[in-house]
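**Q** After the structure tokens below, expect a handful of questions from me.
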Amino acid sequence: MKDIDNFNLEQFHKKIGNNVKQIRIQKGISQLALSHAIGHKSVSVVSYAEIYHKGYHFNLEHLGKIAYVLDVEISEFFK
């Protein structure tokens, strides 16, 4: 069994954010359009979480909605 102390949560969130960003760009959707599509008035949730700015990250609700909007399996964000 692996030691949980070696798990880097920051890197985990950065990886997910980067994957969301790459898929969003591939689909030709802006941060603002995605933000609106998942129910946010401001782009800050998506823009901050994509780069893990100030510790902001996507939660499961965000990822579920984003996967639906982008028409991808949620697992794509974790690869």
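**Q** Across the range 25-70, which residue is nearest to the chain's Cα centre (by Cα) among those that are in contact (Cβ under 8 Å) with a residue 24 or more places away in the chain and open to solvent by 60 Å² or more (accessible area, probe 1.4 Å)?
**A** It comes out as His57.
**Q** If you scan the range 1-55, which residues turn out to be assigned to a helix (DSSP H, G or I) and at positive phi?
**A** Selection gives Lys54, Gly55.
The values are calculated or read from the model by the stated rules, or taken from the named source; none is laboratory data. Because the structure is predicted, anything quoted here is derived from the model rather than measured. Glycine also receives a Cβ, built like all others from the backbone with ideal geometry; neighbour counts cover every protein chain displayed. We work out accessible area using only protein heavy atoms, side chains counted, and drop any ligands, DNA or RNA first. Shrake-Rupley method; radii C 1.70, N 1.55, O 1.52, S 1.80 Å.
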